[in-house]
Amino acid sequence: MRFRLDGKVALVTGSNAGIGQAIAVAMAEAGAEVICAARRAPDETLDLIASAGGRGRPMTLDFADPMAGQGAFDEPVDILVNNAGIIRRADALEFSEADWDAVMDVNLKALFFTCQAFGKAALARGAGGKIINIASLLSFQGGIRVPSYTAAKHGVAGITKLLANEWAGRGINVNAIAPGYIVTANTKALHEDPVRNQAILDRIPAGHWGAPEDIAGSAVFLASPAAAYVHGAILNVDGGWMAR
Ligand code: NAP
């Protein structure tokens, strides 16, 4: 039972596809009611949740406005997963201000202010909660041709630790997951580039890319009572990449 989420309400951003979809389904399987937040209808995710015998409902949340999460916690939410994210690729010499701002807005500004809105609501009702931010290997490493993504994901790691310092004593666990190379729309360009794909595979001790489902179990764990004493951690789920 320490790994169950029965009676809890979880809100997962960007839950219509990829890693967010897998986390939403796994949390529903673990017993949570899942608010599938997305900028477009998360019908596929809701169907998967229903097929698994779980409970889910949609919420429109578009971080084109990074403050869009402000109204998301008018009803009680116990678990927040900040998963929505974008990436823009270009050489540093050519990187545009637009690609800087777009990624920083969705991946970092929206993440922080959604955490803040969740924290305000949880503390106002005298409740605790769990926040799980989706970081990246580029929370630790430099990456190539992704300056705003690397800056934002380093920021996600820092903000996760800052919020853990401020809120651990107030009953809110703030942690992050750093996924390795997972096959989704986010990594399509790398996965389909034979040279980059082989270079990536050569460094993964597990010998293969991950699937979105590979991230979901860690998210359920961090949301569960079993992780009650875990604060400010950034959990690598990367097939061993960071061990190399
Ligand atoms: P994905 O399939 O592209 O999913 C990204 C999600 O974010 C989608 O649901 C997307 O919605 C949503 N999103 C993008 N912009 C948004 C906005 N303005 N408002 C609301 N939602 C928005 O890619 P993914 O790999 O699952 O990415 C999920 C998270 O994992 C991201 O934070 C990413 O940085 C992180 N991550 C991924 C990997 C990897 O290898 N795949 C590795 C490390 C970290 P749409 O479908 O409408 O675009």
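The values are calculated or read from the model by the stated rules, or taken from the named source; none is laboratory data. As the structure is a prediction and not an experimental result, all values here were calculated from the model. Note: ideal-geometry Cβ built from the backbone for every residue, glycine included; neighbour counts use all protein chains shown. Just so you know, the surface numbers come from the protein's heavy atoms only, side chains and all, with ligands and any DNA or RNA stripped out. Shrake-Rupley method; radii C 1.70, N 1.55, O 1.52, S 1.80 Å.
Please work out if residue 107 is near the ligand (Cβ under 10 Å from one of its atoms), assigned to a helix (DSSP H, G or I) and among the polar types (S, T, N, Q). Here the answer is yes, as residue 107 does meet what is asked.
Mind listing whichever residues of segment 153-196 are more than 20 Å from residue 86 (Cα to Cα) and without any contact (Cβ under 8 Å) to a residue 40 or more places away in the chain? Those that are more than 20 Å from residue 86 (Cα to Cα) and without any contact (Cβ under 8 Å) to a residue 40 or more places away in the chain: 162, 166, 169, 194, 195.
For segment 145-184, the candidate set comprises residues that are among the β-branched types (Val, Ile, Thr) and part of a loop (DSSP other than H, G, I, E, B); within that set, the residue that is farthest from the ligand (Cβ to nearest atom) is 146. Could you go through segment 218-231 and let me know if any residue there is within 14 Å of the ligand (Cβ to nearest atom), free of Cβ contacts under 8 Å to residues at least 40 places away in the same chain, among the small types (Gly, Ala, Ser) and surrounded by 19 or more Cβ atoms within 10 Å (Cβ to Cβ). Checking segment 218-231: not a single residue is within 14 Å of the ligand (Cβ to nearest atom), free of Cβ contacts under 8 Å to residues at least 40 places away in the same chain, among the small types (Gly, Ala, Ser) and surrounded by 19 or more Cβ atoms within 10 Å (Cβ to Cβ).
Of the strands (runs of 3 or more DSSP E) lying entirely inside segment 1-101, those containing at least 2 residues that are open to solvent by less than 10 Å² (accessible area, probe 1.4 Å) and within 16 Å of the ligand (Cβ to nearest atom) are 9-12, 33-38, 79-82.
If you go through segment 3-56 and keep only what is under 21 Å from residue 115 (Cβ atoms) and β-branched (Val, Ile, Thr), you end up with 9, 12, 13, 19, 23, 34, 35.
What residue, among those in segment 102-136 that are over 15 Å from the mean Cα position of the chain (by Cα) and among the basic types (Lys, Arg), is least open to solvent (accessible area, probe 1.4 Å)? My answer is 125. Among the residues of this structure, residue 162 does not count as one that is touching a Gly at 6+ places or on another chain (Cβ under 7 Å), surrounded by fewer than 20 Cβ atoms within 10 Å (Cβ to Cβ) and not acidic (Asp, Glu).
Across segment 118-144, the qualifying residues are those that are assigned to a loop (DSSP other than H, G, I, E, B) and more than 19 Å from residue 233 (Cα to Cα), and the one among them that is farthest from the ligand (Cβ to nearest atom) is 126.
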